[in-house]
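Some notes on the structure that comes next.
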Amino acid sequence: MYSPSGSGVATKTGANSRVFVFEVEGMRQGSDSDKLTYPIRRSGRVYITVPYERMNQEMRRISRMGGRIVNIRPCNGTPSAESTASGNGLQSQQSGEQKKPMTQAKAKTEVPVNIYKPKSPFMGKCLSNEELVKEGGTGTVRHLTFDLSGGDLHYLEGQSIGIIPPGEDANGKPHKLRLYSIASTRHGDNLDDKTVSLCVRQLEYQHPETNETVYGVCSTYLCNLEPGADVAITGPVGKEMLLPDDEDATIIMMATGTGIAPFRAFLWRMFKEREQNPDYQFKGLAWLFFGIPYTANILYKEQLEELEQQFPENFRLTNAISREQQNPDGGKMYIQDRIKEHADQLWQLIQKPNTHTYICGLKGMEGGIDEGMSAAAGKFGVDWMEYQKQLKKEHRWHVETY
């Protein structure tokens, strides 16, 4: 645990013992969100010494309180010539003073895991429960947002949380948790670091013996959850689907149905939170392939199309609408057909060292994706399956299917 010394410099030693100085403008006092011990100046600039492992948390706090990070530099423990360190780790400078620009430093994000476990889950509250499927679509898919205030549950884009439905199973034991991909950014849909959102489809299938309709226990519980109701949450978990810190990366996303959840989090962080994220300004290319049965089942349709219009150089959206579109062979248009259609271009992108590919949704989509990429790679004498193994070793091929 981090414990500041009298000079404001962390006393922790080891690989993460590095300390950085944040130069911040416009910081205001916020008693409800200021959870750290640093005093806040109302005018001018402040200099905050921050240990390496808490940089991301401090960036969020500064953003919440209206501050703007001007520069970040490594701290060697010696005050700079232009400012004097105070006893609490802050350094001050009058607003009108001129100073040399400092090199911006990027902090490696610490991945939170299992903050809350099944035996002691966090009890959140449902804030909202909204239907995402439009008239004419199939099934029900809900966007749920939970209140996390009062706890320490925080997460990153690409992680999952567990939900423990109330009641008991057929054997009289408490229901086990179900994992759901998080659909919101680390700041939450309200941008206050106090919420988490899910995209949940109600599971429905025919019993193979009785032929009666069976509904999923947890998905039905969540889809029918009323605002204000308590919900038991565990986690977060997962490191496979994390978004890279590289702002110039190429991010290829392939999703079916509610597999869009982590990609909504990615896209919202890339494009909808640009003003709130001084530490992350995406300038690369994000390409989403999305498979659904009907146009009415395109989840977050209006928001995705808006992003496509606002950021035409940085975001592409390619839908595969199986019941309304046909592939070149006259069959239904599935996501693997779209991959085959764009395989040559995807092959060129995937060869870039900062390209990451993510697959989330039905497991059946993987075979078609491999087939399309094999054809493209084969034109250059490359064995796709071997090449894919290399991508996995480089942590650039991310898969989470079911």
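Taking the options Phe271, Phe289, Phe282, Phe263, name whichever one is in contact with a helix residue (DSSP H, G or I) (Cβ under 7 Å, 6 or more places away or on another chain) and closer than 19 Å to Gly364 by Cβ.
Result: Phe289 is the single residue among Phe271, Phe289, Phe282, Phe263 that is in contact with a helix residue (DSSP H, G or I) (Cβ under 7 Å, 6 or more places away or on another chain) and closer than 19 Å to Gly364 by Cβ.
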key: The listed residue being loosely packed, with under 15 Cβ neighbours inside 10 Å and in contact with an Asp or Glu (Cβ under 7 Å, 6 or more places away or on another chain), out of Lys352, Lys363, Lys283   = Lys283
ask   = Given Thr318, Thr295, which one is in contact with an Asp or Glu (Cβ under 7 Å, 6 or more places away or on another chain), surrounded by fewer than 20 Cβ atoms within 10 Å (Cβ to Cβ) and not aromatic (Phe, Trp, Tyr)?
value = Thr295
ask   = Could you list, in sequence order, the residues of the stretch 157-181 that are surrounded by fewer than 19 Cβ atoms within 10 Å (Cβ to Cβ) and either within 13 Å of the chain's Cα centre (by Cα) or assigned to a loop (DSSP other than H, G, I, E, B) (or both)?
value = Pro166, Gly167, Asp169, Ala170, Asn171, Gly172, Lys173, His175, Lys176
remark   = Note on the stretch 182-212: residues among the polar types (S, T, N, Q) and either part of a loop (DSSP other than H, G, I, E, B) or at pLDDT below 95 (or both) are Ser184, Thr185, Asn190, Gln202, Gln206, Thr210, Asn211
All strands (runs of 3 or more DSSP E) inside the stretch 310-402 with 1 or more residues being farther than 27 Å from Asp246 by Cβ and among the hydrophobic types (A, V, I, L, M, F, W, C) = 315-321
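The values are calculated or read from the model by the stated rules, or taken from the named source; none is laboratory data. A quick note: this is a predicted structure, and the numbers were derived from the prediction, not measured. Positions of Cβ are backbone-derived with ideal geometry, glycine not excepted, and every protein chain shown enters the neighbour counts.
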